[in-house]
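To keep things clear, I will list the structure first and then write my remarks on it.
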Amino acid sequence: MSEPTASAAKVQAAAFPDGTTDYVPLRSGAKYDPKKVHISDLPMTWGNWYKHINWLNAIFIVFIPLAGFVSSYWVPLHLSTAIFSVIYYFNTGLGITAGYHRLWAHSSYKATLPLRIYLAAVGAGAVEGSIRWWSRGHRSHHRYTDTDKDPYSVRKGLLYSHMGWMLFKQNPKRIGRCDISDLNEDSIVVWQHRNYLKCVIFMGLVFPTVFCGLMFNDWLGGFVYAGILRICFVQQATFCVNSLAHWLGDQPFDDRNSPRDHVITALVTLGEGYHNFHHEFPADYRNAIEWWQYDPTKWMIVFWKWTGLAYDLKQFRANEIEKGRVQQLQKKLDQKRATLDWGTPLEQLPVVDWDDFVADSKNGKALVAIAGVIHDVGNFIRDHPGGKALITSAIGKDATAIFNGGVYNHSNAAHNLLSTMRVGVLRGGCEVEIWKRAQFENKDVTYINDSAGQRIVRAGAQVTKVAQPIASADAA
Ligand SMILES: [Zn+2]
Ligand SMILES: [Zn+2]
């Protein structure tokens, strides 16, 4: 087995300063000329559209499935063949999700040789390219998500991210670089890559046909249902990870990129649907972290661990996962907070002398000072729940004590409402002016801002709130 490793070393391209190596096809003779303009860089016209199509991929993912659907009209489906098709569907699907994706693309666990041989075999049966080619594209997808270097960026359209990226030729130089040196050292990966066509034909079509033929005497049914149509369903299901999982669902961990969590995508893709989590914690062997979420790929990896076939399962600490969740919640909260009126920020209010405040109140303005902040309650007198008389009696006065318990210890909502009426700050008005001056002089002032730079006002922490209710003079 030393031979593939030795030749694998030869395909290693020069390392880039960022530690990555470029993808080099193992088979020589690829007719790629970097000096020539690539077809994908030319606009599609009536004269050249057929040159844009990747015909080999089109045969595998469009024409053969179509032929399967058409022939199913004449080929009867027997129960035993149907059951085998479903079982083989799950096996080949796991080859992609547990093998290609979580084992090889992300190294989220280690697998013993028998398990790697099994996963490489059934993965080939899904007909989605070699491990080496698939993992390279997927690593670029994670590294350059949603950018032009993402081989299946959903920003180019849902259909493009589902199948278009395979049906139309892509300029290999455009796809982002990533490091696959570890895969070039995996003898199973290199062997599967070198013998890919044989692997595909055998695992995709020959094995299911022969199995159904020998076991149930249903050669044709095995070929059409367990072979062609099963391939089509596995392909469409796993393609959904690139399309649906970047389009449908929630973003509980980070909403700056497109990956999303949704149970429907999870059901379709053997548990790969918790894709927002996956893009945040790609090296975690899990996609679903809750026990009740559907992630059969994770369950199988755990089962293999029990049987000794898999080991070194990687997992992010709950502490790290929860931090991401809290930050995203905070972001949503900030967005919601920003839509609310919290009153004019104190630093934007004019500083008013006590005498001017009293004079303005005498001249007909309904101004009330509370904790050094002046409020214009003119439009509120009529609506004051405590009646007109009480609020009118506070006009032109410092009502800090009355408002904070002297007459009535106002509610949190009342302090919030009051802040929307503020129009000025009293000179020498307790802490507020000092705080304001300190701000102006760039002193150390501790107050908390949200991610949009807005000051956070917590319940009970409004500037008008005095910590201890002040006992009224009458009560003494
Ligand atoms: Zn993705
Ligand atoms: Zn991934």
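Per-structure values
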quantity: Any hit, segment 318-337, residues being more than 13 Å from ligand 2 (Cβ to nearest atom) and either under 20 Å from residue 152 (Cα atoms) or touching a strand residue (DSSP E or B) at 6+ places or on another chain (Cβ under 9 Å) (or both); calculated: no
quantity: Within segment 219-252, tally of residues that are assigned to a loop (DSSP other than H, G, I, E, B) and either more than 13 Å from ligand 1 (Cβ to nearest atom) or surrounded by fewer than 21 Cβ atoms within 10 Å (Cβ to Cβ) (or both); calculated: 5
quantity: Residue match in segment 285-306 (condition: crowded, with 21+ Cβ neighbours inside 10 Å, within 16 Å of ligand 1 (Cβ to nearest atom) and more than 20 Å from residue 92 (Cα to Cα)); calculated: yes
quantity: So residue 276, is it assigned to a loop (DSSP other than H, G, I, E, B), farther than 26 Å from residue 68 by Cα and assigned by TED's automatic domain parsing to the domain that holds residue 318; calculated: no
quantity: First in segment 192-215 and loosely packed, with under 15 Cβ neighbours inside 10 Å, second anywhere and in a helix (DSSP H, G or I), Cβ under 6 Å, 6 or more apart; calculated: none
quantity: Tabulated pairs, segment 142-160, first within 16 Å of residue 254 (Cα to Cα), second small (Gly, Ala, Ser) and surrounded by 16 or more Cβ atoms within 10 Å (Cβ to Cβ), C-beta under 9 angstrom, 6+ apart or interchain; calculated: 142/105; 143/176; 144/153; 144/176; 145/153; 145/258; 146/153; 146/258
quantity: Whichever residue in segment 105-130 is within 16 Å of ligand 1 (Cβ to nearest atom) and touching a helix residue (DSSP H, G or I) at 6+ places or on another chain (Cβ under 7 Å) and, among such residues, is farthest from residue 231 (Cα to Cα); calculated: 108
quantity: Within segment 60-146, helices (runs of 4 or more DSSP H) holding 2 or more residues that are buried (at least 16 other Cβ atoms within 10 Å of the Cβ) and touching an Asp or Glu at 6+ places or on another chain (Cβ under 7 Å); calculated: 131-143
quantity: Residue list for segment 104-121, restricted to those being within 16 Å of ligand 2 (Cβ to nearest atom) and in contact (Cβ under 8 Å) with a residue 60 or more places away in the chain; calculated: 104, 106, 107, 108, 109
quantity: Residue that is modelled with pLDDT under 90, under 19 Å from residue 463 (Cα atoms), surrounded by 18 or more Cβ atoms within 10 Å (Cβ to Cβ) and not basic (Lys, Arg), where the choices are 402, 374; calculated: 402
quantity: Those residues of segment 165-190 which are under 18 Å from residue 131 (Cβ atoms) and buried (at least 17 other Cβ atoms within 10 Å of the Cβ), in sequence order; calculated: 166, 175, 178, 179, 180, 183, 184, 186, 188, 189, 190
quantity: Filter result (assigned to a helix (DSSP H, G or I), under 32 Å from the mean Cα position of the chain (by Cα) and either at pLDDT 85 or above or among the aromatic types (Phe, Trp, Tyr) (or both)) within segment 36-55; calculated: 52
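The values are calculated or read from the model by the stated rules, or taken from the named source; none is laboratory data. Because the structure is a prediction, the values reported are computed rather than measured. Every residue, glycine among them, receives a Cβ derived from its backbone with ideal geometry; neighbour counts consider all protein chains shown.
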